[in-house]
Amino acid sequence: MLERLPYRLHASFIQRNDMSDLHRARLLLLGSALLSLTLTACGGAPVAQKTPTTSSARPSLYPHTGRYTPIYMLKQYEGESEPLLDMSGHGGEEDTQEDTAQYHEREEPVLYWTDADRQAHQLRVKEGLLVNPQGQPLDPQLDLPQHKGRGGEAIYIMDVMGNIYYCFDAKYGRIHHSTLAGGQPVAAAGELVVVNGELISVSNESGHYRPHPSTIDLVIGRLRELGLNVEGVKRFELLPKEGAPEPERLKPHQED
């Protein structure tokens, strides 16, 4: 899990309020989907996707106003993309000492994508399937040796204009939802499970943005508009713990 959240899990077929259940359920869904596709599909393996390795300044074309209401990043992550930053005192109340130390003692700043990076990872729909910008069915490609560290999920953001971007190679302290947005506001953020272009599940799991579960509906609705068949897609909702205060967020024009 990328960030420890002050959230409780809500899903129709999960009983315990335990974050490990979320990942077990996702693995079961992913395994079932892979088995089904193995038995029914054929063809060559998709071309591997390259993860950007360069950092960036504030994106020049990233929208702040548009169709959807912007959700700003938590203020505790302000400045995370700066080199050699001392993040002491910026850990969330729900972070464990181990998590906080791991985030604070990272050797590299959090990567922020450029506009070109996002364009290379924009989610599209073609013939009813999720595809990459080259038109190939989206897939974590877990069978490839260079992707052995992947867990199967893709993190995603949707900007206020309804553009959706993804990354299969999230890395704690280096690649987060804020990476995809460059630290800028989003309309939705979370995780997707997708296999060979078929969407299996959507969540609102993001420690950097903590979006409301209702944002899942925005994402599913947007994908339906783009032509994706969303019937049967599983929803994993992360709800704020009862009584938990609203976290302090960055304000407009204070993202740098």
The correct count of residues that are within 19 Å of Asp117 (Cβ to Cβ) and either of a type in the set (A, V, I, L, M, F, W, C) or in a loop (DSSP other than H, G, I, E, B) (or both) in the range 142-171 is 15
Would you please name the residue that is surrounded by the fewest Cβ atoms within 10 Å (Cβ to Cβ), looking only at residues in the range 213-256 that are in a helix (DSSP H, G or I) and of a type in the set (D, E, K, R)? Glu225
Lone qualifier among Ser206, Ser201 - being more than 18 Å from Asn163 (Cα to Cα), outside any helix (DSSP H, G or I), among the polar types (S, T, N, Q) and in contact (Cβ under 8 Å) with a residue 60 or more places away in the chain: Ser201
Among residues of the range 209-247 being among the acidic types (Asp, Glu) and within 22 Å of Tyr72 (Cβ to Cβ), the residue nearest to the chain's Cα centre (by Cα) is Glu237
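Here, each number is a calculation from the coordinates, and none is a lab measurement. Since this is a predicted model, take the numbers as computed values, not measurements. Note: ideal-geometry Cβ built from the backbone for every residue, glycine included; neighbour counts use all protein chains shown.
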